[in-house]
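Student: Below is the structure I would like to discuss, written out as C-alpha cells.
The values are calculated or read from the model by the stated rules, or taken from the named source; none is laboratory data. In this text the structure is predicted, and so the values were computed from the model without any measurement. Note that we place each Cβ from the backbone using ideal geometry, even for glycine, and neighbour counts take in every protein chain shown. The accessibility values were calculated without ligands, DNA or RNA, using every heavy atom of the protein model including side chains. Shrake-Rupley method; radii C 1.70, N 1.55, O 1.52, S 1.80 Å.
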Amino acid sequence: MARYDVVVVGGGISGLSLGVRAARAGRQVAVVEKSSRPGGCLYTHRTPSGFWLELGAHTCYNSYESLIELIDALNIRSKVARRIPTKLRFFDGAVLLPGNNLGALIRLLSLRELICAVPRAFGGSKEGQTIAGYYSRIVGPSNFARVLGPLLSAVPSQRADEFPADILFKSRKSRRKDYPRSFTLSGGLTTVVEAMSECPGVTVLRGKGAVRVSHGNGQFSVTLDGGELLQAPLLGLAVPPSEAATLLAAFNPGIATAVSQIREVCVESVGVVVRCEEVKLPVSMFIVPLKGGFHSAVSRDSIPDPARRSFTFHFSAGGRLDERLQIVSRVLGADSRSFEEIVENMTRLPAPTLGHQALIQQIDSQLLGTSLAITGNWFDGLAIEDCVRRSEREWKRLEAL
Ligand SMILES: Cc1cc2nc3c(=O)[nH]c(=O)nc-3n(C[C@H](O)[C@H](O)[C@H](O)COP(=O)(O)OP(=O)(O)OC[C@H]3O[C@@H](n4cnc5c(N)ncnc54)[C@H](O)[C@@H]3O)c2cc1C
C-alpha cells in the first residue's frame, strides 16, 4: 500500500490542476489516470516530423487568469504561442459558404423572422430557459433551428438545445494584457499537461483506473484496477460524472445520487493531416455545419506550418470511420487518400439540462466539511479556465479543514 497526503482520481486538467495546487502547498500527491495518456480532453497528437494537432481543446484566452497563474508557476510562459484569429465559417452540407464571422451569420438568418422576433427579443431572462427556448425567442424558431442552434451546438461539440441558457457564455471580466488574447503553447496544449505531470510533489500513475474508493479512520483507500492500494487523508475526484457516481456510491451514496443525475455524452473526434497543397480552403477556420453529420471542425493553422495542415472534426458517438472520412473529404475538398495521418479520440462531456445548477448546489452543500474534493467540467462550465478555477476553490476548501 502506498501512502500520500492527497490522492486525485482523474488526470485531466481538473485533476492535474488540483494536484499541482496541493503539491505547491507542500503535499505529496498521487494523480491516478486510467489512460496511458494524462490530459483527458487536452490531447495533442504529435507526429514524428514535429507537426502536431489538437484532438480536443485548442484555444486558451488571456481571460483564463487561473490557468495563466498556473502557466507562470510552472515556468512554461516562454512556450506560450499566439494563435492567429480563427474565422467562423458555415458548411451547408455541400459547400463552405462565403463570408466569415458575424457577417456570415447575419447573411444566413431570415431578416423577416428576425424583425418579427424583435418585440420579444429584449428583456427576457435566461433563468429557467433552455438554449432553444431563449434564443428562439430572440432570433425566431426557424432562424434558431437552421443557423443559431447548429452554431451554439458547435461550441460544446454536442447538441446544446436543452442546455440551460445561462451556461454557455461566460463574461470573464478581466484579462491578462501581458498574454496574447488567444493562445496555445508550442507543442500544443499537452505541453501544459506535461509540465503539470512533472511538478515536484506530483506523481502521476498512468494507465491505472480507480475501481473502488472507501473511507474509514480518517483515510481514503483507493483501489486501482491492477489491485494496487493507495491511501490518503484527502481525496479529489476529477472524473466525468458517471464515473464519479460509481466511485462515490461505495462511500457517499448521498452525493452519488445527485451526481448520477448529471447527463453526459461521448464526443468522437477525427483529426486528419494533409500537405498544404492538397487543401485549398482558407486558413484558421472554425467550421459550423448547418447540415452534414458533425458538430464542428477546427483547423490547426492558427499556428501555421509551412508544409502541413490539419483539421479535427467532432462527431456524436456511434458513427463509422469510413463514413466520417467521406464527410471530412467533402468539407476539405480533398481525397481521403491524401490524408497523411488519421487520428481518432473519444472524450466525455457533460450535457447539462435545466436544474443543473440546483444539483451542483446540492453536491456542494454535501461536500462542506468533508475531506473530499470533487472537480471537473460539470461544475462551473466546460472551459479549461472553469476547470482550473473549480479545482483551485476545492483545494482551498480542503486546505482550510
Ligand atoms: C473537442 C473539445 C474541444 C474543446 N475545446 C476547448 C477549447 O478550445 N478551450 C477550452 O477552454 N475548453 C475546451 N474544451 C473543454 C475542455 O477541454 C474540457 O472541459 C476540460 O479539458 C475537461 O477537463 P476535466 O479534467 O474536467 O475532464 P477530462 O478531460 O474528461 O478528464 C477526466 C480524466 O479522468 C480520467 N478517468 C476517468 N475515469 C477514471 C478512473 N476511474 N480512474 C482514473 N482516471 C479516470 C479520464 O481518462 C480523463 O483523463 C473542449 C472540449 C472538447 C471535448
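Student: Rounded to a whole number of µm²/s, how large is the Stokes-Einstein D of region 12-81 at 37 °C and 0.692 mPa s, given Rh as the Kirkwood radius over C-alpha pairs? Write out the running numbers ahead of the final one.
Tutor: On the way: Rh = 13.9 Å.
Value of D from the Cα-based Kirkwood radius: 237 µm²/s.
Student: Next question. For the chain, how big is the tail of P(r) above 31 Å, as a whole percent of Cα pairs? Show your work: numbers first, answer last.
Tutor: Numbers: 32573 of 80200 pairs.
Summing the P(r) of the chain above 31 Å gives 41 percent of all pairs.
Student: Using a 10 Å cut-off on Cβ atoms, rank the peptides 244-251, 55-62 from the highest mean neighbour count down. Mind showing how you got there, number by number?
Tutor: Values: 244-251: 19.1, 55-62: 21.8.
Packing proxy ranking, top to bottom: 55-62, 244-251.
Student: Dividing the convex hull volume of the alpha carbon atoms of region 71-195 by its residue count, what do you get in Å³ per residue? Write out the running numbers ahead of the final one.
Tutor: Working: hull volume 20.7 nm³, N = 125.
Measuring per residue, one finds 166 Å³ for the Cα hull of region 71-195.
Student: Assign unit charges at the C-beta atoms only (+1 for Lys and Arg, -1 for Asp and Glu), then state the dipole size of region 185-287 relative to its Cα centre in Debye, rounded to the nearest 20. The partial results should precede the final answer.
Tutor: Numbers: 6 positive and 9 negative charges, 31 e Å.
Dipole about the Cα centre, nearest 20: 140 debye.
Student: So, one more: I'd like the carbon and sulfur percentage of the solvent accessible area for region 288-389, probe radius 1.4 Å, heavy atoms only, ligands and nucleic acids excluded. Write out the running numbers ahead of the final one.
Tutor: On the way: 2080 of 4140 Å².
Accessible surface attributable to carbon and sulfur in region 288-389 totals 50 percent.
Student: Could you work out [θ]222 nm for the chain from helices alone, using -39500 (n - 2.57) per DSSP H run of at least four and dividing by all its residues? Round to the nearest 500 deg cm²/dmol.
Tutor: On the way: 12 runs with 119 residues, N = 401.
Taking each H run of at least 4 residues, the total per residue is -8500 deg cm²/dmol.
Student: Using a 1.4 Å probe and ignoring any ligands, DNA or RNA, find the accessible area of Lys79 and quote it in Å² to the nearest 10.
Tutor: Roughly 90 Å² of Lys79 is accessible to a 1.4 Å probe.
Student: In nm, give the distance between the simple-model label positions of Thr47 and Leu229, each being 7 Å from the Cα along the Cα-to-Cβ direction.
Tutor: 4.9
Student: Find how much the distance from Lys170 to Cys116 grows on full extension, using 0.36 nm per residue of separation minus their present alpha carbon separation; answer in nm with one decimal. Write down the numbers at each step before the final one.
Tutor: Values: separation 54, 0.36 × 54 = 19.44 nm, distance 2.81 nm.
The span from Lys170 to Cys116 would gain 16.6 nm if fully extended.
Student: Set the Förster distance to 30 Å, then compute FRET efficiency between Arg3 and Asp72 from the Cβ-Cβ distance, nearest 0.05. Before the final figure, lay out the partial values.
Tutor: Details: r = 31 Å, r/R0 = 1.04.
After rounding, the FRET efficiency stands at 0.45.
Student: Run the numbers for Gln219 and Gln326: contour at 0.36 nm per residue of separation, minus the present Cα-Cα distance, in nm.
Tutor: Values: separation 107, 0.36 × 107 = 38.52 nm, distance 5.27 nm.
Difference between extended and current length: 33.2 nm.
Student: So, R0 is 60 Å and r is the distance between the beta-carbons of Ser336 and Asp364; what FRET efficiency does that work out to, to 0.05?
Tutor: Values: r = 47 Å, r/R0 = 0.79.
The computed FRET efficiency comes out at 0.80.
Student: Here's another thing I want to ask about it. Pop a pseudo-label 7 angstrom from the Cα along the beta-carbon direction at both Lys291 and Glu344 and give the gap in nm to one decimal.
Tutor: 2.7
Student: Could you grab the relative contact order for the chain? Cα pairs under 8 Å, six or more apart, rounded to a whole percent. Provide the component values of the computation, followed by the final result.
Tutor: Working: 824 pairs, mean separation 100.5, N = 401.
That works out to 25 percent.
Student: Run the paramagnetic zone check for Lys396: 7 angstrom along Cα to Cβ, then residues of region 25-60 with backbone nitrogen under 20 Å.
Tutor: What the label zone holds, given the 20 Å backbone N cut-off, is 25-27.
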